[in-house]
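Participant: Shown below is the structure under consideration.
What follows is calculated from the coordinates using simple rules that are stated; it is not laboratory data. No experiment lies behind these values; they were computed from the predicted model shown. Backbone-built Cβ (ideal geometry, glycine too); neighbour counts: all protein chains shown.
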Amino acid sequence: MLGINESGIYDERTRAAVIDVQAEAGYTSDGLVDLKTFEEIRRIYDVRARAECVRRLVSVEFPYREGDYGDHIYSANELLAKTLSFFSHEHLLPRGYIYTSSTSLAVARLREIFALEDKAEIDGELYLRMLEELGLI
């Protein structure tokens, strides 16, 4: 997490990494993990985990368009349905492996909610916004 191999042992390398985190955050740099230091380490971990999720997401082949099919479309349809429900919007989105006209309508509605460019496709920006709104990243 701190750029060192995690051994489970608090050794000098771990202490040096904790001191670096404390110094960067403007805390007393004593190498002791108090609550503030723990929360800062957790924040760094969360940021790195989110960055890794985004990196993986960016490697996905976007956009998804009407007529596309496969497991990735099934996942997208599930995410669309959950996001629309989160915003208390009724939808007739079938949970399936095909990007249908119903998927396009759901995409248009979410693009309107998120104030994104109006286009009938799921791109990385829309997918990321759905994940963020549902607290998945």
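Participant: Could you give the radius of gyration (one decimal) and Dmax (whole number) of the Cα atoms in the stretch 12-58, in Å?
Facilitator: Reported Rg and Dmax, both Å: 12.6, 39.
Participant: Now for a separate question. As I understand it, the value is the acute angle between the Cα axis of helix 71-86 and the longest principal axis of the Cα atoms of the chain; what does it come to in degrees, rounded to 10?
Facilitator: Tilt relative to the chain: about 90 degrees.
Participant: Using the alpha-carbon atoms, what tilt in degrees (0 to 90, nearest 10) does helix 12-25 show relative to the longest principal axis of the chain?
Facilitator: Taking Cα atoms only, the helix is inclined about 70 degrees.
Participant: Here is a further query. When a footprinting reagent is the concern and you count Cβ atoms within 10 Å, what order do Ile73, Ile44, Ile9, Ile122 take, fewest first?
Facilitator: On the way: Ile73 20, Ile44 16, Ile9 7, Ile122 27.
In increasing order of surrounding Cβ atoms, one gets Ile9, Ile44, Ile73, Ile122.
Participant: Pulled fully out, how much extra length does the chain show between Phe87 and Asp34, if you take 0.36 nm times their separation in residues and subtract their Cα-Cα distance? The partial results should precede the final answer.
Facilitator: On the way: separation 53, 0.36 × 53 = 19.08 nm, distance 3.89 nm.
Full-extension gain reported as 15.2 nm.
Participant: To continue, here is another question. First measure r as the distance between the Cβ atoms of Tyr45 and Ile137, then evaluate 1/(1 + (r/R0)^6) with R0 = 22 Å and state the FRET efficiency to the nearest 0.05. Write down the numbers at each step before the final one.
Facilitator: Values: r = 13 Å, r/R0 = 0.60.
It comes out at approximately 0.95.
Participant: On each of the three principal axes of the Cα atoms of the chain, give max minus min coordinate, whole Å, ordered largest first.
Facilitator: Principal extents (largest minus smallest coordinate, Cα): 59, 27, 22 Å.
Participant: Which of the GluC sites (Glu not before Pro) across the stretch 29-87 are loop residues per DSSP, with 10 or fewer other Cβ within 10 Å? Don't skip to the end; give the middle numbers.
Facilitator: Working: sites: Glu39, Glu40, Glu52, Glu61, Glu66, Glu78; in loops: Glu61, Glu66.
Loop-located and lightly packed - Glu61.
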